[in-house]
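The values are calculated or read from the model by the stated rules, or taken from the named source; none is laboratory data. The structure displayed is predicted, hence computed values, not measured ones. Please note: Cβ atoms are built from the backbone with ideal geometry, for glycine as well, and neighbour counts cover all protein chains shown. To get the accessible areas, we keep the full protein, side chains included, count just its heavy atoms, and leave off ligands, DNA and RNA. Shrake-Rupley method; radii C 1.70, N 1.55, O 1.52, S 1.80 Å.
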Amino acid sequence: YIFQGMTVAILGPTFQDLARNVNRNISSLSEIFVGRAFGYLSGSVLGGILFDCMNHFLLLGMSLVATTVGLYIIPFCKKAVLLIVMMSVFGVSFGMLDTGGNVLILDIWGDEGAPHMQALHFSFALGAFLAPLLAKLALGTTVSAENHTEPDFQPPATNGSSEADSASLFGLPDDMNLLWAYAFIGTYVFIVSVFLFALFFKKSSRQEKSKASAQGYRRAEYHKSLLCLLFLFFFFYVGAEVTYGSYVFSFATTHAGMEEREAAGLNSIFWGTFAACRGLAIFFATCLQPGTMIVLSNIGSLASSLFLVLFDKSPLCLWIATSVYGASMATTFPSGISWIEQYTTVSGKSAAFLVIGGALGEMAIPAIIGIVQGQYPDLPIVLYTCLGSAISTAVIFPVLYKLATLPPNRQQKANRNSEY
């Protein structure tokens with residue numbers, strides 16, 4: 001999961017460089033989020049179907065190899081369409097890994113797997129924290145942020161090479177640091193895939209299937225309604241998380257007037273507090289119920305997003321609120337999966353359905369924000385979106401809790417009817 005966090009977060013600080021590579025400006029390249037999320041959506045569906053009929057080590061290993069190929073090719077893309085396709089390729093891997101990883105944790109530990117679920121998602125946050133450091137602070141940057149924010153931006157032609165670049169699909173990036181950042185992550189992903197293939201040759205999925213069949217199965221009275229509401233919950237949550245993590249770098253340089261290194265630091269502090277709180281959540285999950293952790297996360301998200309909107313041009317306030325916002329968003333997704341498992345069994349298809357909700361949020365919300373922000377460059381549209389999403393999740397969860405905690409006699413009656 002570390003590689004997944006790195007590949008998600010690397011897009012934020014390298015977004016401007018990728019736009020320069022394909023002769024596009026940021027607002028006109030928001031389709032890149034649609035492409036990545038569409039692949040994520042497809043991978044979630046395929047993962048939910050294939051996970052029960054195919055060795056999961058082999059499936060995950062193949063998805064990581066596809067991700068490796070995409071990461072190596074992305075810096076060489078000179079056409080926006082090709083770049084979007086490559087983003088879709090490892091979006092498929094994201095979906096498969098999300099579905100497979102969550103179902104594995106639930107199959108092994110069931111409703112007692114909250115700490116393990118938090119540990120799984122902590123590795124994602126750790127990778128997301130390291131990515132901006134790798135992209136901007138460690139490898140550096142050679143491109144000015146100001147040039148990338150102009151609506152009519154065109155990269156400077158060098159020795160008449162722009163015509164050749166426009167005729168080719170691939171070419172060396174103008175900033176070689178972009179190449180090294182993606183190549184480093186791609187190499188790490190490939191090494192992880194080798195370990196998964198090794199596990200495939202050593203172990204059989206029959207043992208895991210026997211464990212899964214031994215697990216008790218329960219179904220809540222409003223099983224489908226709970227899944228649909230949690231689908232919407234993850235839609236807003238994941239959409240806000242990806243939107244802020246992807247646009248905070250560009251927002252800080254254009255709206256708040258920060259330097260690139262400061263903006264990269266702001267991006268990293270978001271993912272850093274995100275990762276730190278997911279790490280602490282491994283221990284908190286042993287003494288706190290998943291529902292309690294969700295409520296605390298909702299309160300923190302509401303307060304910090306409101307603070308961001310009110311003090312959007314104050315650098316100090318941005319640092320504080322971004323830290324709190326990242327910490328508040330950290331435990332929501334794994335806590336949501338653990339919470340629903342307490343009331344109804346989450347199968348492979350159910351997990352895929354929930355992951356699809358997050359994928360649609362990741363696809364729709366950042367893409368819309370990119371278009372709207374281009375039309376209203378003076379407004380902090382990103383911050384308004386985060387506040388709206390926080391309000392939505394805060395309203396949806398009490399309804400979820402009410403449906404899940406029906407009187408015991410009605411629950412038992414529904415279970416008896418299902419048994420007969």
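Only residues that are open to solvent by less than 40 Å² (accessible area, probe 1.4 Å) and among the hydroxyl-bearing types (Ser, Thr, Tyr) were counted in region 224-241, giving 1. Taken together, THR344, THR393, THR331 contain a single residue that is among the hydroxyl-bearing types (Ser, Thr, Tyr), touching a residue at least 60 places away in the same chain (Cβ under 8 Å), open to solvent by less than 40 Å² (accessible area, probe 1.4 Å) and within 14 Å of GLY239 (Cβ to Cβ), which is THR393.
Considering only residues of region 265-296 that are closer than 30 Å to PRO377 by Cα and not β-branched (Val, Ile, Thr), which is surrounded by the most Cβ atoms within 10 Å (Cβ to Cβ)?
Within region 265-296, the subset closer than 30 Å to PRO377 by Cα is 265-274.
Narrowing further to those that are not β-branched (Val, Ile, Thr): 265-268, 270-272, 274.
Details: GLY265: 20, LEU266: 22, ASN267: 32, SER268: 28, PHE270: 28, TRP271: 29, GLY272: 22, PHE274: 29.
Checking each candidate, the answer is ASN267.
Tell me the residue from SER335, SER392 that is touching a Ser or Thr at 6+ places or on another chain (Cβ under 9 Å) and part of a helix (DSSP H, G or I), please. Matching residue, one of SER335, SER392: SER335. State whether one or more residues within region 28-43 are modelled with pLDDT of 75 or more, open to solvent by 10 Å² or more (accessible area, probe 1.4 Å) and among the polar types (S, T, N, Q). Yes: region 28-43 contains one or more residues that are modelled with pLDDT of 75 or more, open to solvent by 10 Å² or more (accessible area, probe 1.4 Å) and among the polar types (S, T, N, Q).
Picking from residues in region 172-190 that are surrounded by fewer than 20 Cβ atoms within 10 Å (Cβ to Cβ) and among the hydroxyl-bearing types (Ser, Thr, Tyr), the one that is modelled with the lowest pLDDT is TYR188.
Working carefully through the options PHE251, PHE274, find the one that is at pLDDT below 85, among the aromatic types (Phe, Trp, Tyr), over 15 Å from the mean Cα position of the chain (by Cα) and under 18 Å from ALA390 (Cβ atoms). Break it down stepwise before answering.
Details: PHE274 fails: over 15 Å from the mean Cα position of the chain (by Cα).
Of PHE251, PHE274, the one residue that is at pLDDT below 85, among the aromatic types (Phe, Trp, Tyr), over 15 Å from the mean Cα position of the chain (by Cα) and under 18 Å from ALA390 (Cβ atoms) is PHE251.
Quick check on THR332: is it closer than 24 Å to LEU302 by Cβ and of a type outside the set (Gly, Ala, Ser)? Considered against the rule, which asks whether it is closer than 24 Å to LEU302 by Cβ and of a type outside the set (Gly, Ala, Ser), THR332 comes out as yes. Would you call VAL372 of a type in the set (A, V, I, L, M, F, W, C), part of a helix (DSSP H, G or I) and buried (at least 23 other Cβ atoms within 10 Å of the Cβ)? Against the criterion (of a type in the set (A, V, I, L, M, F, W, C), part of a helix (DSSP H, G or I) and buried (at least 23 other Cβ atoms within 10 Å of the Cβ)), VAL372 does not qualify.
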